[in-house]
Amino acid sequence: MPGIVEQHAGCVRSIGCYSVGMATRRASRSTSNDERSLPATEAGRSVTKSGPTRLLLDRLRAICLALPEANERLSHGEPTWFAGKGKVFAMFDDHHHGAAHVAVWLPLPPGAQEDLVASDPARFFRPPYVGSSGWVGVVLSSSPDWPLVTALVRDAFVHVATKKLVAQLPGTTR
């Protein structure tokens, strides 16, 4: 997958052939926008989680909403993040259909799913419904590697966002 490796020149971590790039270093520099940090609502009610799931959702929400023009809406009953008015770049998975984990589903470039799942099947999986389109599930409920999650969320954003939005990210080209 030479395109992905070239896209992430200056990699700090490599998983199989899929390399996680500069976003890992930027994870600690993310900023929040209070006006974009409101939780998704359903019929005017806030979608709330409790205990450890709430902490995971709050952390993921901060990562997603730090991206340019990211916004959160409910989709299929779960908090979901969109790149501007465009496509989904992250979807929260709270024990979907009885799954044993809390996770985030991310659309990533071709080949990334296979490399990530093969490298660590306890951490990465092929999610139902969207897995056939290359999406990757990242387990959050068992000691998540937050810098890696941040990098993968950023990669998913870059994968689906418009050129205008990608241009707003420091050090990113598409």
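Descriptive notes on the structure:
- Flag if Ala156 is closer than 18 Å to Leu57 by Cα and not in a helix (DSSP H, G or I): no
- Filtered by the rule that a residue be within 24 Å of Glu69 (Cβ to Cβ) and surrounded by fewer than 17 Cβ atoms within 10 Å (Cβ to Cβ), the range 121-174 gives Val130, Ser133, Trp146, Thr162, Lys163, Lys164, Ala167, Gln168, Pro170, Gly171, Thr173, Arg174.
- Selection status of Ala103, among the small types (Gly, Ala, Ser), crowded, with 21+ Cβ neighbours inside 10 Å and not in a loop (DSSP other than H, G, I, E, B): yes
- Among (1) crowded, with 22+ Cβ neighbours inside 10 Å; (2) in contact (Cβ under 8 Å) with a residue 24 or more places away in the chain, the one test that Gln113 misses: (2)
- Test: residue in the range 112-119 that is outside any helix (DSSP H, G or I) and touching a strand residue (DSSP E or B) at 6+ places or on another chain (Cβ under 7 Å): no
- Every condition in (1) among the aliphatic types (A, V, I, L, M); (2) more than 23 Å from Thr53 (Cβ to Cβ); (3) without any contact (Cβ under 8 Å) to a residue 24 or more places away in the chain is met by Val160 except one, and the failing one is (3).
- Single unsatisfied condition, Thr31 versus (1) over 15 Å from Trp146 (Cα atoms); (2) within 17 Å of the chain's Cα centre (by Cα); (3) modelled with pLDDT of 50 or more; (4) surrounded by fewer than 21 Cβ atoms within 10 Å (Cβ to Cβ): (3)
The values are calculated or read from the model by the stated rules, or taken from the named source; none is laboratory data. All of these numbers come straight from a predicted model, not from anything done at the bench. Cβ sites come from the backbone with ideal geometry, for glycine too, and all protein chains shown count toward neighbours.
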